[in-house]
Amino acid sequence: MPWDKNDYPDSFKNLNTDVRNKAIEIANALLRDGYEEGRAIPIAMDQARKNVEGGEEKIIFEIRAHDEGWQLKKKDSKKALLIEDTKEELMGEAKRYANKHHGELHIYTKDGSLEEKLYES
């Protein structure tokens, strides 16, 4: 069940508005990735606090077409972190990697245009 600014878990009610909104966004992304609510909620709260209150700059990871298929790499890096034959094969691991490193994930089409941003601040 996706949450929004008016309907969210009780544990989010004491968070400041910016942290709560970020937690809702992260929790919804985790649910889409198959996490159970009981796991998604505390992860989302922790990551939202770090993102909003921590003041740390987010690392941007990119999924782009590559000579050998599709790659995950840090923005402006030449070195691939992960390479898979298809974009679909790469997506799950790329999402986990970006989440684990508190990063933002930019997904590009084969022609190089930006298709989607996930976990953005």
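The values are calculated or read from the model by the stated rules, or taken from the named source; none is laboratory data. Computed from a predicted model, the values in this text were never measured in an experiment. In this analysis, Cβ positions are derived from the backbone assuming ideal geometry, glycine residues included, and neighbour counts consider all displayed protein chains. Note: accessible area is taken over every heavy atom of the protein model, side chains too, but ligands, DNA and RNA are not part of it. Shrake-Rupley method; radii C 1.70, N 1.55, O 1.52, S 1.80 Å.
A few comments on the model shown:
- When the residues of the stretch 77-121 are filtered to those that are within 9 Å of the chain's Cα centre (by Cα) and among the aromatic types (Phe, Trp, Tyr), the one that is most open to solvent (accessible area, probe 1.4 Å) is 97.
- Counting only residues that are open to solvent by 50 Å² or more (accessible area, probe 1.4 Å) and under 16 Å from residue 113 (Cα atoms), the stretch 60-71 holds 2 of them.
- Against the conditions (1) out of contact with any Asp or Glu (no Cβ under 7 Å at 6 or more places or on another chain); (2) more than 15 Å from residue 26 (Cα to Cα), residue 41 satisfies every one except (2).
- Qualifying residue in the stretch 69-79 (condition: touching an Asp or Glu at 6+ places or on another chain (Cβ under 6 Å) and of a type in the set (Phe, Trp, Tyr)): yes
- Of the listed requirements (1) open to solvent by less than 80 Å² (accessible area, probe 1.4 Å); (2) under 15 Å from the mean Cα position of the chain (by Cα), residue 74 misses just one: (1).
- Pairing residues of the stretch 75-99 that are touching a residue at least 60 places away in the same chain (Cβ under 8 Å) and in a helix (DSSP H, G or I) with residues that are surrounded by fewer than 16 Cβ atoms within 10 Å (Cβ to Cβ) and of a type in the set (D, E, K, R), at Cβ distances under 9 Å and at least 6 apart in sequence or on separate chains, gives 95/32; 95/33; 96/33; 99/33.
- Residues within the stretch 40-80 that are at pLDDT 90 or above and among the β-branched types (Val, Ile, Thr), tallied: 4
- Selection within the stretch 1-39: residues that are in contact with a Pro (Cβ under 9 Å, 6 or more places away or on another chain) and polar (S, T, N, Q). The member of this set that is modelled with the highest pLDDT is 28.
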